Each structure stands twice: as structure tokens, then as C-alpha cells.
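Take a look at the structure set out below.
The values are calculated or read from the model by the stated rules, or taken from the named source; none is laboratory data. Note that the structure is a prediction, hence the values are computed from the model and not measured. Ideal geometry is used to build each Cβ from the backbone, glycine not excepted, and the neighbour counts take in all protein chains shown. For accessibility, only protein heavy atoms count, side chains too; no ligands or nucleic acids. Shrake-Rupley method; radii C 1.70, N 1.55, O 1.52, S 1.80 Å.
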Amino acid sequence: MADSSPGAPLGAGDGGAPLAGPTISTHVLDTEHGSPAVGVHVTLYKLGEDDRPIRLTQALTDGDGRVVDLLGRPMSPGVYRLEFNLAGRGPLRADAAESRGPGFFQRISVDLRVEDTARAYHVPLLLAPFSLTTYRGS
């Protein structure tokens, strides 16, 4: 049975334990408040030969803003899409007292090409109210 706790892939894996071998992971940070973005819905797709996305797994960021293993299966070469759903989240911090309403960014998609299946791919996302940054982490 899949673990639906934050940080664990929904519909893949065994209790959220990281799988051995290379994976795709993320870390979402709220740079406005200097804290992790807790509970962000993240979906991983693999793009087919026709560029249509095939959903592989989805998860919520944990208390540290992380999803440690989005792949949940052996990695294969190709183009993957990380999609971050921010719609209706209001404040990015779990402990934020104020509610600022819907944010400017509603959904963010990042496509990445995987050629070396022997390495892990970490893709952090830094969020602010009107800007974002992502990069290939280590």
C-alpha cells in the first residue's frame, strides 16, 4: 500500500522509503519567509514520443519542503516533467498566521532531459510571491 504522508509518493513505493538507485527529487522553499514550502502538490510525468505527458507519481512536500523520491521505479532516459500545483495554497508556510489569498503562480512545470540513468536528479524550486528559480541540484 502506498504511503500518502507528505514527502512520500502517492501511488508508488512502500511506505515512502526511498528506493535504492537513482531517482528524481525536489525541495521547495518559500524564499519570502525563509522556510520550507510544506504541502505543495508535486506530480512527475514522463513525456512520451509524441510529447504527451504520462503521469508516473505524485506527492506532497514534507515538513522540510522535500519529496525525496518522485520516480518510484527504475529510471529510463527521456524527458520528465515536474509539475508544482500552487493553486489555492495561500501562504507557502504551514505556520503562517495571515492568509494572503491565491498566489500569482498557480502551476509551475519544469521539463528536464535525463540521459545518465546512473545518477540522481535533484530539482529545487525557490518561490517568492512574484518570482521563482529552479536549478539542477546535487
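With respect to (1) open to solvent by 80 Å² or more (accessible area, probe 1.4 Å); (2) at pLDDT 95 or above, the lone exception for residue 124 is condition (1).
Restricting region 47-71 to residues that are surrounded by fewer than 17 Cβ atoms within 10 Å (Cβ to Cβ) and not aliphatic (A, V, I, L, M) leaves a set whose member that is nearest to residue 124 (Cα to Cα) is 64. With the condition kept exactly as written, say whether any residue in region 94-110 is open to solvent by 60 Å² or more (accessible area, probe 1.4 Å) and at pLDDT 95 or above. Yes: one or more hits. Need the failing condition index for residue 52 against (1) within 23 Å of residue 39 (Cβ to Cβ); (2) at pLDDT 95 or above; (3) not aliphatic (A, V, I, L, M), just the number. It is condition (1) that residue 52 fails.
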